[in-house]
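Asker: Quick one: the structure is below, questions incoming.
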Amino acid sequence: MYLLESERLLFRNFTPEDCEEMFLLNADWDVLKYTGDKVFNTIAEARVFFEEYQIHTYEKIGYGRMTTILKETNEVIGWCGLKYHPDLDEVDLGYRFHKRFWNKGYGTEASIACLDYAYQKLGIKEVAAYALKENIGSCRVLEKSGFKFTGNVEREGKSWKRYCINLPFDFDVLLH
Ligand SMILES: CC(C)(COP(=O)(O)OP(=O)(O)OC[C@H]1O[C@@H](n2cnc3c(N)ncnc32)[C@H](O)[C@@H]1OP(=O)(O)O)[C@@H](O)C(=O)NCCC(=O)NCCS
């Protein structure tokens with residue numbers, strides 16, 4: 001059921017049953033404000049999104065974002081994971097967690113776990129990530145996970161900081 005785990009976290013594919021949790025996540029403007037994501041109008045709308053995600057992403061691409069669970073309490077803290085963009089032929093890393101779980105190192109732990117999975121299990125050799133410069137927490141997670149800033153990218157009227165990491169990466173160097 002779980003695709004990977006890290007010291008404190010478990011990761012599995014989204015299921016339609018995650019719809020209520022993800023509806024609540026996207027209902028928090030502090031979570032969405034630095035992303036291009038939209039609020040789900042209803043839990044039913046979220047359910048349709050996650051039903052379609054099975055077909056359009058997991059079945060078609062073979063991997064995607066994942067529900068992220070805290071081992072200690074079994075709580076869903078949000079999501080994290082990879083996304084393939086066919087238009088750019090690029091894989092990016094993304095993450096969103098409920099606010100009460102911020103600044104405990106989960107973002108960095110999840111990011112490193114997903115990068116390791118990307119290379120070890122999926123054979124991916126390069127992962128990109130995008131964050132608005134105001135999103136200091138997200139930029140910090142990327143830097144703490146070994147990503148390097150590659151330049152600014154204009155998209156949807158906003159200037160995004162683009163980061164990239166080549167895999168495999170020796171994550172041990174980040175500890176020193
Ligand atoms: C981005 C996000 C996933 C980070 O997760 P997290 O679990 O808080 O990440 P970590 O605890 O591993 O690291 C956060 C780092 O940012 C730092 N940070 C956060 N906000 C900061 C701020 N306003 N100023 C300075 N540093 C800040 C923290 O101190 C920490 O760094 P440190 O370990 O050196 O002290 C989380 O904030 C989130 O879900 N945000 C909303 C969704 C989002 O913006 N996603 C990314 C879109 S690009």
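Asker: Filtering the stretch 91-136 down to residues that are more than 8 Å from the ligand (Cβ to nearest atom) and of a type in the set (Gly, Ala, Ser), which residue is nearest to Trp79 (Cα to Cα)? Give the derivation first.
Answerer: From the stretch 91-136, those more than 8 Å from the ligand (Cβ to nearest atom) are 91-93, 100, 112-128, 133-134; that's our starting set.
Adding the requirement that they be of a type in the set (Gly, Ala, Ser) leaves 113, 118, 123, 128.
Details: Ala113: 13, Ala118: 16, Gly123: 22, Ala128: 17 Å.
It comes out as Ala113.
Asker: Give me the pairs, please: first residue somewhere in the stretch 99-120 and over 18 Å from Gly146 (Cα atoms), second residue anywhere and of a type outside the set (Lys, Arg) and more than 6 Å from the ligand (Cβ to nearest atom), beta-carbon distance under 6 Å, and either six or more positions apart or on two chains.
Answerer: Lys99/Asp30; Phe101/Ile77
Asker: Still on this structure, please answer the following. Using the structure shown, decide if Phe147 is closer than 24 Å to Glu5 by Cβ and within 13 Å of the ligand (Cβ to nearest atom). Before the answer, list the steps.
Answerer: Numbers: closer than 24 Å to Glu5 by Cβ: yes; within 13 Å of the ligand (Cβ to nearest atom): yes.
Criteria met by Phe147.
Asker: Can you pull out every residue in the stretch 34-46 that is charged (D, E, K, R) and within 19 Å of the chain's Cα centre (by Cα)? Steps first, please.
Answerer: Looking only at the stretch 34-46, we keep the residues that are charged (D, E, K, R), and these are 37-38, 45.
Matches in the stretch 34-46: Asp37, Lys38.
Asker: Follow-up question, since we're still on this one. Among the listed residues Asp116, Asp172, which satisfies the condition of being surrounded by fewer than 17 Cβ atoms within 10 Å (Cβ to Cβ) and within 14 Å of the chain's Cα centre (by Cα)? First the steps, then the outcome.
Answerer: Numbers: Asp172 fails: within 14 Å of the chain's Cα centre (by Cα).
None of the other options fit; the residue is Asp116.
Asker: Within the stretch 26-46, count every residue that is surrounded by 12 or more Cβ atoms within 10 Å (Cβ to Cβ) and of a type in the set (S, T, N, Q).
Answerer: Counting residues in the stretch 26-46 that are surrounded by 12 or more Cβ atoms within 10 Å (Cβ to Cβ) and of a type in the set (S, T, N, Q) gives 2.
Asker: Pick from the stretch 62-90 the residues that are among the aliphatic types (A, V, I, L, M) and surrounded by 15 or more Cβ atoms within 10 Å (Cβ to Cβ): which of them is nearest to the ligand (Cβ to nearest atom)?
Answerer: Ile77
Asker: Next question, about the same structure. Restricting the stretch 53-94 to residues that are assigned to a loop (DSSP other than H, G, I, E, B) and hydrophobic (A, V, I, L, M, F, W, C), which is nearest to Arg8 (Cα to Cα)?
Answerer: Ile61
Asker: Determine, yes or no, whether Gly146 is modelled with pLDDT of 95 or more and either exposed (fewer than 12 other Cβ atoms within 10 Å of the Cβ) or not in a loop (DSSP other than H, G, I, E, B) (or both). Spell out the reasoning first.
Answerer: Numbers: modelled with pLDDT of 95 or more: yes; either exposed (fewer than 12 other Cβ atoms within 10 Å of the Cβ) or not in a loop (DSSP other than H, G, I, E, B) (or both): no.
The answer is no for Gly146.
Asker: So how many residues does the stretch 29-56 have that are hydroxyl-bearing (Ser, Thr, Tyr) and away from the ligand (no atom under 16 Å from the Cβ)?
Answerer: Residues of the stretch 29-56 that are hydroxyl-bearing (Ser, Thr, Tyr), as a first pass: 34-35, 42, 53.
Keeping just the survivors that are away from the ligand (no atom under 16 Å from the Cβ) gives 42, 53.
Residues that pass the stated criteria total 2.
The values are calculated or read from the model by the stated rules, or taken from the named source; none is laboratory data. Here the structure is a predicted model, which means the values were calculated and not measured. In this analysis, Cβ positions are derived from the backbone assuming ideal geometry, glycine residues included, and neighbour counts consider all displayed protein chains.
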